[in-house]
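Input: a single structure, listed below in structure tokens.
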Amino acid sequence: MLFLHGFPNRSVDWVPLVQSLTDNRQFLCPDMIWTRALRFSAPAQSVGMGLALEHVGSMISVPRLHVVGHDLGGGIAWWLATLLGPRIASLTIIAAPEPRSYLAASSDLEADGRRDYITRLLSETDESPLTPEKFGHLKTEDEAVWAAVQAGLEATEPARVRAFYRNAMSGQALAAAANYQSPACPVLIVNGTDDRYFPDEIFEASAGQIGLGASRLSVAGAGHFLHLTHAANLAAPLEQFWAASEA
């Protein structure tokens, strides 16, 4: 099992979900490429999807695995599944739209203010600190979410995460998203109906893009960080999905 965290989160934020699982599996929860503790020779400005996929791919030593991704980690997981093809047994995406669906909805997301935090991030200098005050809108979430966000901000290298967002919005990246090829493996798309960043409809559109290979789990009343707030509720359906994909 490979778990890819988002921003502003850390690898340890998968602990509530992993501890709720009953399967006897091996779990790999790496720090993502924007994590401050990681050392790279490449300049921060080069951090993007390509380098993220290279970073994650270098950690995979098994012939086949299940992949779970949340937020930016989910965005990376979508592309990892197409890159590794038959080596991916299943793909579980939490709160991260499929690339074509995200691209189609981007104007509406911006008009609704759902991408304001990205705009603020990119309006600042690369090294500008990621202070909790800049993410104060998340204080209304669960206490565990706010604690995880604050720790995640402290653990993030500001220039790297800004470069990742900037490169993800480049013309080349948008063209790639428009031509995204659906993964061949079974896909489970998980979201909360109260996600402040993405409306429920974008995940319905994501499942529609994938077609018969996609299933949905929409959790009523859950927000963007449901792997933290609803871990116990997610465990059983996720394990059922993984088992079915191995049958």
Worksheet entry | FRET efficiency, ALA220 to SER41 (Cβ-Cβ, R0 51 Å, nearest 0.05) | 0.65
Fill in: Extension gain from GLU143 to ASP200, taking 0.36 nm per residue of separation minus the Cα-Cα distance
18.2 nm
Worksheet entry | Separation between Cα centres of segment 56-86 and segment 169-247, rounded to whole Å | 14
Worksheet item: Label-point separation (nm) for MET59 and ALA244, each offset 7 Å from Cα along Cα-to-Cβ?
Response: 2.8
Worksheet item: When the accessible area of the chain is split by element with a 1.4 Å probe, what percent falls to carbon and sulfur?
Response: 53
Practice prompt. Using the heavy atoms of the protein chains and a 1.4 angstrom probe, tell me the accessible area per residue for segment 108-217 in square angstrom.
Written response: 49
Discussion item. Among 183-196, 164-177, how do they line up by average Cβ neighbours within 10 Å per residue, starting with the highest?
Written reply: 183-196, 164-177
Worksheet, complete the sentence: From highest to lowest solvent-accessible area (probe 1.4 Å; ligands, DNA and RNA excluded), LYS134, LYS139 read LYS139, LYS134
Worksheet entry | Full-extension gain in nm, GLU124 to ALA236, via 0.36 nm per residue minus C-alpha separation | 36.1 nm
Discussion item. Ignoring everything except DSSP H segments at least 4 long, calculate the 222 nm mean residue ellipticity for the chain; use -39,500 (n - 2.57) per segment, divide by total residues, nearest 500.
Written reply: -13500 deg cm²/dmol
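The values are calculated or read from the model by the stated rules, or taken from the named source; none is laboratory data. Note that the coordinates shown come from a computational prediction; the quantities given were computed from them, not determined experimentally. So basically every Cβ, Gly included, is an ideal-geometry build from the backbone, and we count neighbours across all protein chains shown. What goes into the accessible areas is simple: the full protein's heavy atoms, side chains included, and nothing from ligands, DNA or RNA. Shrake-Rupley method; radii C 1.70, N 1.55, O 1.52, S 1.80 Å.
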